[in-house]
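Below is one structure, written out as structure tokens; comments come after it.
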Amino acid sequence: MRIAVIGAGPAGMTAAYELSKKLGDKVSVLDLYEKSDGVGGLAKSIELWKQRVDLGPHRFFSQDRDINNLWLEVVEQNYDIVNRQTRIYYKKRFFDYPIKAFNALRGLGILEAVRCLLSYLAELLFPTSDTSTFEGWVTSRFGKRLYTIFFKTYSEKLWGISCSDLDSDFAAQRIKKLSLFEAIKNALFQGKGNRHATLVDQFAYPTRGTGAVYEAMQEQIESRGANVYINTGVEKVITSAGKAASIQLENGEIKPYDHVISTMPISLLVERLPEVPLKVMELSKKLTFRNTILVYLRIDRTDLFTDQWLYIHEHSVEVGRVTNFRNWLPTIYGDSDSSILCLEYWCYFDDPIWSQDPDELVKTATKEIVRTGLVREGDVKDGKVVRLPRCYPVYFRGYSEVMKPVEEYLSSVEGLHVIGRYGAYKYNNQDHSILMGMRVSENILDGADHNLWAINTDYEVYQESSVITKTGLSTHGS
């Protein structure tokens with residue numbers, strides 16, 4: 001059996017890891033291709049100013065026993081537990097996130113808090129009728145005023161479209177069942193069995209950064225005789241008579257395979273397939289991704305804000321999120337006496353900022369971080385820019401109807417398996433992508449029939465029974 005894996009992000013790496021483990025001594029070819037210079041995809045870690053940093057903040061958390069067992073198998077004892085603190089920064093005030101009702105209302109001041117509560121009561125009396133959009137979905141659960149303060153600005157920075165044009169699936173996946181009522185209930189009865197699934201106060205983190213998980217996978221994959229080709233892009237998958245037959249590398253070389261696991265952006269995959277129907281081709285062109293620009297700043301201070309990352313809801317700046325790597329684990333910054341901040345900007349390919357000069361981006365980021373009041377004038381000593389194309393699948397209103405025929409066609413291609421955030425057009429966390437990688441290996445080698453498209457669509461995926469602690473895997477309540 002000859003298997004190709006396109007992309008070395010969490011989904012692709014997990015698929016290759018599981019396949020290489022299960023294949024054992026079977027005569028086979030397993031090749032993984034990665035266009036960039038290292039594994040990990042969006043969860044990669046890099047060396048910067050004698051420290052280790054991730055490509056933005058990457059928190060691993062799952063309550064699924066299978067996912068946690070795999071993560072521990074790979075990481076072994078090389079991790080620690082981080083006490084999570086992630087807040088919203090709005091009008092130079094910090095607000096807990098996920099939202100805690102009393103904290104939010106107290107921080108807004110008595111007058112604004114009353115307005116927010118009245119807005120929520122108005123929503124209860126006269127509910128929003130259309131909850132198919134992000135705006136409608138959140139408003140129905142928090143009221144118009146809290147939606148405007150704590151959800152609208154950040155979301156529109158991220159997606160580049162109005163929240164009235166953003167599908168409610170984004171909220172359903174990321175905010176889940178939380179509402180103002182649930183937030184108040186959590187505050188009143190915390191620890192009494194009603195705590196919301198997204199309110200995670202701790203998470204496991206590798207001592208060498210989140211990318212260490214996938215670097216360890218690479219070592220295991222290669223030790224088992226499989227191949228990981230770095231700096232080797234795949235141009236397209238070639239099908240013949242409805243079956244995946246081979247891949248073409250960017251250098252023009254064609255290599256035959258029995259199975260192709262693709263994590264490349266779904267729009268690029270479909271656009272380059274030779275037998276794809278015209279209707280599916282046209283629909284796939286509507287599936288767009290949002291790019292990320294990361295601006296790293298070296299700050300000659302270690303006493304900045306205490307959060308791992310902040311959501312920036314200030315209208316006066318374009319930056320959407322700021323990560324402080326000093327607040328993760330000491331093992332990633334060592335004996336350095338400086339802090340590294342990562343400022344995130346989001347854009348499309350045709351936005352001027354995407355092609356802006358790196359030095360100008362560093363200057364802009366420096367001005368904005370000083371303007372927020374989080375850093376003083378003169379504290380920034382150095383900067384570096386990293387551009388990440390096609391990071392976020394845009395859940396535009398009605399996107400699922402566009403996706404359906406595309407999913408159906410790709411599922412009909414024998415030997416082609418589409419997974420990952422890019423590949424499946426799913427706003428995955430690491431755990432979702434890891435699960436996709438695990439399940440696709442079972443489909444190929446064990447004859448399983450897992451619906452890979454269904455992963456990260458069901459709220460109950462978080463309702464399993466185990467979590468990772470400092471001493472290993474622990475069942476709920478133990």
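Every number in this text was worked out from the coordinates using simple rules, so none of it is lab data. Since the structure is predicted, the reported quantities are computational estimates derived from the model, not experimental observations. With ideal geometry, Cβ positions are generated from the backbone for all residues, glycine too; neighbour counts draw on all protein chains shown.
Given H placed on each backbone N at 1.01 Å, which residues far from Tyr79 in sequence or on other chains put an amide H within less than 5 Å of it?
Long-range HN contacts for Tyr79: Thr207.
Positive end of the dipole of the chain, charges at C-beta (+1 Lys, Arg; -1 Asp, Glu), about the Cα centre: which of Ala241, Ala216, Leu19 has its Cα farthest in that direction?
Going by the Cα projections, it comes out as Ala216.
Net charge within 12 Å of Gly160 by Cβ-Cβ distance, Lys/Arg positive one each and Asp/Glu negative one each, not counting Gly160 itself? Walk me through the intermediate numbers first.
Details: positive: Lys157, Arg290; negative: Glu156, Asp165, Glu318, Asp350, Asp351.
With Lys, Arg at +1 and Asp, Glu at -1, the neighbours total -3.
How much of the DSSP bridge set in the chain is antiparallel, in percent, rounded to the nearest 5? Intermediate results must be reported in sequence, preceding the final value.
Numbers: 55 of 75 bridges.
Within the chain, antiparallel bridges account for around 75 percent of the total.
Do any GluC sites (Glu not before Pro) in region 53-138 lie in a loop, going by DSSP, with at most 10 other beta-carbon atoms within 10 Å of their beta carbon, and if so which? Working shown, then result.
Numbers: sites: Glu73, Glu76, Glu112, Glu123, Glu135; in loops: Glu76.
Sites meeting the loop and neighbour criteria: Glu76.
Need the list of aspartates and glutamates near Lys100 for cross-linking: C-alpha distance under 15 angstrom, and skip anything on the same chain fewer than eight residues off.
Leaving aside aspartates and glutamates fewer than 8 places away in the same chain, those within reach of Lys100 are Glu182, Asp201.
I want to verify the translational diffusion coefficient of the chain in µm²/s; compute it with Stokes-Einstein, Rh as the Kirkwood radius over Cα pairs, at 20 °C and 1.002 mPa s. It would help to have the intermediate numbers written out before the result.
Numbers: Rh = 23.5 Å.
Taking Rh from Cα pairs, D becomes 91 µm²/s.
Show which lysines lie in cross-link reach of Lys381 when reach means a straight Cα distance below 25 angstrom and same-chain residues fewer than eight apart are skipped.
By straight Cα distance, Lys381 reaches Lys44, Lys50, Lys92, Lys363, Lys367.
Using amide H atoms built 1.01 Å from N in the peptide plane, name the residues 5+ places from Arg390, or on other chains, whose amide H lies under 5 Å from its own.
For Arg390, the qualifying residues are Asn291, Thr292.
So what are the ³J(HN,Hα) numbers for region 155-166, from phi and the Karplus equation (6.51, -1.76, 1.60; θ = phi - 60°), rounded to whole Hz, Gly and Pro as x?
So the Karplus estimates, Gly and Pro as x, are 5, 6, 4, 5, 8, x, 9, 5, 5, 6, 9, 9 Hz.
Could you work out the Kirkwood radius for region 1-125, taking every pair of different alpha carbons, averaging 1/r and inverting it, reported in Å?
Over region 1-125, the inverse of the mean reciprocal pair distance is 19.2 Å.
Starting at the first residue of region 382-388, write each ³J(HN,Hα) from the Karplus equation 6.51 cos²θ - 1.76 cosθ + 1.60 with θ = phi - 60°, in whole Hz, x for Gly and Pro.
6, x, 8, 10, 10, 9, 10
How long, wide and thick is region 325-425, going by the Cα atoms along their three principal axes, in whole angstroms, largest first?
Its Cα atoms span 57, 35, 22 Å along the three principal axes.
Could you give the spread of the C-alpha atoms of region 373-458 along their three principal axes, from largest to smallest, in whole angstroms?
That gives 60, 32, 23 Å along the principal axes, largest extent first.
Over region 247-338, how many percent of alpha carbon pairs lie in each 5 Å bin up to the one with the longest distance?
All Cα pairs considered, the percentages come to 2, 9, 13, 14, 9, 9, 8, 10, 13, 8, 4, 1.
Under 5 Å between amide H atoms, partner at least 5 residues away or on a different chain: which partners does Gly211 have, H built in plane at 1.01 Å?
The list, which skips near neighbours in sequence, is Ser45.
Multiply the residue gap between Ser223 and Thr471 by 0.36 nm, knock off their C-alpha separation, and tell me the result in nm, one decimal place.
Numbers: separation 248, 0.36 × 248 = 89.28 nm, distance 2.76 nm.
Contour length minus Cα-Cα distance gives 86.5 nm.
Mind checking which lysines have their Cα closer than 27 Å to the Cα of Lys279? Skip sequence neighbours fewer than 8 apart in that chain.
Once the sequence-local lysines are set aside, what remains near Lys279 is Lys236, Lys243, Lys404, Lys426.
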